[in-house]
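Taken together, the values in this text are just the output of simple stated rules run on the coordinates, not laboratory data. These numbers come from a predicted model, not from an experiment. Quick reminder, even Gly has a Cβ in these numbers, built from the backbone with ideal geometry, and neighbours come from all protein chains shown.
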Ligand code: PMT
């Protein structure tokens, strides 16, 4: 969708500058034209040669290069359909917010009258500085698209908010802005995390699902313009609708409320097949007995029930297996009646539960099978959505 679009990337001086090399490749793979303009400080983190090779264009750094009698920053504003400032340092954000135009990048932004995406990345202390926050708010009010930084390990060794967001999000945001009408306003429900079945007020039965797989699908769908409802057992803060649930029954109730108006549902949650039959309202006391018995009773099969009552929805199940992945997945897709089944091997430590990676096979009800090599869950999420949208 970005084919032949002209994207101007502004890189400022921050360690996250190296990540923008991959972003340039992503735009180029999408057949967009890319030009890069950098601050002098950005050159401490990436080289001009790298950026030139990746973008296949000259890189602008100096302010007063007059080429072909064009004023350089104005030539950029004429050429580009969109400008993406990433990483945007505290310094550059503050300059932009105050109309300062003292280098090629800030002069270009100042003159630019088309959409601008600003992707901040900095140390947590700088990000939380009220002056920076005020400047960011000012830019938001002025219709700049700001993609907030993520929380995680930072180059300075601290753990906090300030890390550059995923390139996928920058890419999808660019796509969404440049192709607003192409994105369908479809509603998608995604479940994530392991359900929690109480034994008593203190103990419970659950599983190792971290919710990462479901979350990656929800983020990807949101970035692609879907109306997203994430139903998860984990606490998350997202710009789309999230409903936190605990048990399988809670999850079923939450889904039922949203299901009728949904176009897609992806059941990535690890739902307990059984719950405790008579859960105790009081903490169970230790007795003299060496063994105790918990009686479990079946939970509803949420996925199967949805498939039985579906109208227009495309329904995607997941399949977690520790052996005979393919054989069990084929049985499961038939048994559940879903349109697609994403099967993963949860006996491996490097994929599946609680890993940032997965390796899956996507089975479709008409017998097609697609194998996705091991990749980040964000990449797998993209491929799953691509497959079900086709
Ligand atoms: O959360 P992560 O740490 O990122 O890990 C991801 C994952 C391994 C949990 C995920 O990729 C995955 O495999 N999710 C499905 C786990 C599961 O419950 O698989 P299952 O084979 O037991 O169930 C098959 C399908 O039926 C699943 O879509 C499940 O959501 C659904 N189900 C299961 C039981 C039940 N009572 N109701 C259901 O709807």
Exposure proxy ranking, count of Cβ atoms within 10 Å, fewest first, for 156, 110, 319, 307 | 156, 110, 307, 319
Relative contact order (%) - criterion: Cα under 8 Å, at least six apart; region: the stretch 276-337 = 33 percent
For the chain, with a Gaussian network of springs between Cα atoms less than 10 Å apart, report the residue from 193, 152, 317 with the top mean-square fluctuation.
-> 152
Can you tell me the 0 to 90 degree angle between the C-alpha axis of helix 212-223 and the longest principal axis of the chain, rounded to 10?
-> 50 degrees
Cα-based helix-to-principal-axis angle, 377-389 vs the chain, degrees rounded to 10 | 80 degrees
Any idea what the alpha-carbon Rg over 2.2 N^0.38 Å comes to for the stretch 83-191?
-> 1.16
Cβ-based exposure ranking for 204, 264, in which fewest neighbours within 10 Å come first | 204, 264
Once both axes come from the Cα atoms, what is the angle between helix 130-141 and the longest principal axis of the chain, in degrees from 0 to 90, rounded to 10?
-> 90 degrees
Alpha-carbon radius of gyration plus Dmax, which is the widest Cα pair, for the chain in Å = 24.5, 92
Per principal axis, descending, Cα span of the stretch 126-187 in whole Å = 40, 26, 20
Check: C-alpha center the stretch 158-236 vs C-alpha center the stretch 280-351, spacing in Å is 20 Å
Taking the chain as a Gaussian network, where each spring joins two C-alpha atoms under 10 Å apart, which residue of 366, 263, 223 fluctuates the most?
-> 366
Overall form of the stretch 217-360 per C-alpha gyration tensor (a/c, 1.5; a/b vs b/c) = prolate
Mind jotting down the three principal axis lengths of the stretch 189-281 based on Cα atoms? Whole angstrom, largest first.
-> 44, 25, 20
Which of 127, 79 comes first, and how do the rest follow, when ranked by fewest Cβ neighbours within 10 Å?
-> 79, 127
With no solvent and one point on each alpha carbon, what is the Debye value of log10 I(q)/I(0) for the stretch 6-178 at q = 0.20 Å⁻¹?
-> -1.45
